[in-house]
Amino acid sequence: MISKLRNFLFRKIVVRSTLWWYRSVYGMDIGDHTRISRGVRLDRTNPQGIHIGSYTAITKGVSIISHDFVMRQWRPIRIGSNCFIGFNAVILPGVTIGDGCIVSANSVVVKDVPPNCVAMGNPARVVEQNIRTSYWGIRLDKGNDSPVAY
């Protein structure tokens, strides 16, 4: 009972206030029902350059960098809807990740990822195309017909 109450309060207070802070104070464009784990590093040097679609999951340790200090470039990053960005992935300036994509853990995304693809590696390469995802990047084409994870 206590853990359910703790989880409910965490979702209602901490998660919503964090998203409000990103949107209102920093001016980031973050879609509805997007899940951003604690420990995600969103670039605060160029926060208006971060655009994240609805129903996207960004896991712990992900770095989203929208500027290059050495080259003095500030380039926007666009992450589509229904995407999943894996643990410790790095997304560099100017990258566009299409709708329904999965970026695997520890990948470094240096160039655009087309929609409905799986990208992995360092540098990240497209290893699968024409996949189907549901909310938060849950795959539907591997025998899973339901978008709900149990």
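The values are calculated or read from the model by the stated rules, or taken from the named source; none is laboratory data. Nothing here was measured: the structure is a model prediction, and the numbers come from that model. When we count neighbours, we look across all protein chains shown, and the Cβ atoms used for this are built from the backbone with ideal geometry, even at glycine.
Here is how the numbers come out for the structure above:
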read-out: Search result, residues across the stretch 18-66 that are buried (at least 17 other Cβ atoms within 10 Å of the Cβ) and assigned to a strand (DSSP E or B); value: ILE30, ILE36, LEU42, ILE50, ILE52, ALA57, ILE58, ILE64
read-out: Among residues of the stretch 77-133, those that are in a strand (DSSP E or B), under 24 Å from GLY27 (Cα atoms) and among the charged types (D, E, K, R), counted; value: 1
read-out: Failed item, numbered, when PRO76 is tested on (1) in contact with a helix residue (DSSP H, G or I) (Cβ under 8 Å, 6 or more places away or on another chain); (2) surrounded by 17 or more Cβ atoms within 10 Å (Cβ to Cβ); value: (2)
read-out: Options VAL90, VAL108; residue that is surrounded by fewer than 18 Cβ atoms within 10 Å (Cβ to Cβ) and of a type in the set (A, V, I, L, M); value: VAL108
read-out: Looking only at the stretch 66-83, and only at residues there that are within 24 Å of CYS101 (Cα to Cα) and aliphatic (A, V, I, L, M), the one that is nearest to the chain's Cα centre (by Cα); value: ILE79
read-out: Condition check for VAL118: farther than 21 Å from HIS33 by Cβ, among the hydrophobic types (A, V, I, L, M, F, W, C) and either crowded, with 17+ Cβ neighbours inside 10 Å or in contact (Cβ under 8 Å) with a residue 60 or more places away in the chain (or both); value: yes
read-out: Residue in the stretch 1-35 that is farthest from PHE84 (Cα to Cα), counting only those that are among the β-branched types (Val, Ile, Thr) and modelled with pLDDT under 95; value: ILE2
read-out: Total residues in the stretch 50-73, condition out of contact with any Lys or Arg (no Cβ under 9 Å at 6 or more places or on another chain) and at pLDDT 95 or above; value: 1
read-out: Residue pairs meeting the criteria (Cβ under 6 Å; at least 6 apart or on separate chains; first closer than 17 Å to ALA57 by Cα, in the stretch 9-25; second modelled with pLDDT of 85 or more and not charged (D, E, K, R)); value: TYR22/MET28; TYR22/ILE30; ARG23/ILE30
read-out: Among residues of the stretch 26-37, those that are touching a residue at least 40 places away in the same chain (Cβ under 8 Å) and among the hydrophobic types (A, V, I, L, M, F, W, C), counted; value: 0
